[in-house]
Amino acid sequence: MSFVTVEKPRPYITLITLNRPERMNAMAFDVMVPFKEALEEVSFDNETRVVVVTGAGEGFCAGADLQDPGWLDIFNGLTVPGIARRAMRILDDVIKAIHSMHQPVIGAINGPAIGGGFCLAMATDIRIASETAYFRPAGINNGLTSAELGLSYMLPRAIGTSRAFEIMLTGRDVGAEEAERIGMLSKVVPQADLLEECYAIAERINGFSQLGVELSKQMLWAGVDAGSLHTHMNHEGHAQLFVRMTTKNFDEAIRARKEGRSPEYKD
């Protein structure tokens with residue numbers, strides 16, 4: 001059985017599914033390693049314009065697999081601290097792989113996103129959730145820290161410091177309705193409509209320049225990290241000029257508008 005499935009439900013859209021529903025798609029190594037490999041492979045699939053990530057069954061991802069995290073050959077010969085560092089690196093690389101993808105990544109949050117699953121959800125570029133979804137920073141509830149896999153970086157930037165501190169320090173559940181209200185989600189839809197809503201967003205994105213979308217994603221994340229407005233505006237300007245001067249997309253947009261049709265961007 002494959003614990004990660006990759007499908008193309010619509011043209012230019014790839015659906016990647018965490019596929020161990022009996023364990024709520026927990027982050028065992030035999031799930032996360034093929035998941036990272038799938039992300040990296042799809043990133044260089046030029047027939048994929050948008051990626052949708054979801055979980056099989058009733059949960060998105062339950063975080064750490066407390067039943068059986070699995071074993072990798074790279075752990076051989078290491079002490080417990082060494083194994084722990086290698087293990088964290090593997091999970092860190094999953095989050096980084098999502099940010100590094102050429103395509104926008106839509107998180108179809110179909111159910112609970114707990115601990116590392118919360119981090120995984122926040123790593124996606126656009127988040128759409130079903131009514132049954134909720135988010136829990138699990139570490140603080142287990143005597144650990146709720147700051148893991150970039151959550152203490154991503155969450156304050158998404159919803160502001162006060163709300164992020166309150167959620168991460170109390171370890172409480174955040175339901176889908178509240179998550180939408182405070183800016184963690186773009187939209188909440190019925191479970192039956194979740195993937196269709198994600199595909200509709202993806203198809204709208206697909207109507208634009210592939211190069212323009214890719215650079216827009218990069219600029220948005222660069223803006224999150226920017227040290228100053230001046231520096232980032234220079235960065236944006238070079239990206240805009242690159243597309244304007246090396247493609248005929250702008251001319252095609254003007255021509256299509258005059259002719260009353262949808263543009264066909266060739267990049």
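Some values worked out for this structure:
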{"read-out": "Mean-position separation - Cα centroids, the range 1-71 and the range 231-267, in angstrom", "value": "34"}
{"read-out": "Dimensionless Rg over Rh [the chain; C-alpha; Kirkwood]", "value": "0.99"}
{"read-out": "Loop GluC sites (Glu not before Pro), the range 166-267, which have at most 16 other Cβ atoms in a 10 Å radius of their Cβ (DSSP)", "value": "264"}
{"read-out": "Calculated [θ] (222 nm, deg cm²/dmol) that DSSP helices of n ≥ 4 give over the chain, each run adding -39,500 (n - 2.57)", "value": "-15000 deg cm²/dmol"}
{"read-out": "Whichever lysines have a C-alpha closer than 25 Å to that of residue 36, once near sequence neighbours (fewer than 8 apart) are set aside", "value": "8, 96, 217"}
{"read-out": "Between helix 80-100 and the chain: long-axis angle, C-alpha atoms, 0 to 90°, nearest 10", "value": "20"}
{"read-out": "Cα-derived Rg over Rh, computed across the range 208-259 with Rh taken as Kirkwood radius", "value": "1.08"}
{"read-out": "Rounded to 10°, Cα long-axis angle of helix 249-259 versus longest principal axis of the chain", "value": "60"}
{"read-out": "Cα-based helix-to-principal-axis angle, 29-43 vs the chain, degrees rounded to 10", "value": "10"}
{"read-out": "The range 143-267, relative contact order [Cα under 8 Å, separation at least 6], %", "value": "16"}
{"read-out": "The range 1-57: relative contact order as a whole-number percent, Cα under 8 Å and 6+ apart", "value": "45"}
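Laboratory data are not the source of any read-out in this text; all were calculated from the coordinates shown. The model shown is predicted, which means the values in this text are computed figures rather than measured ones. Counting neighbours? That spans all protein chains shown, and the Cβs are built from the backbone with ideal geometry, glycine included.
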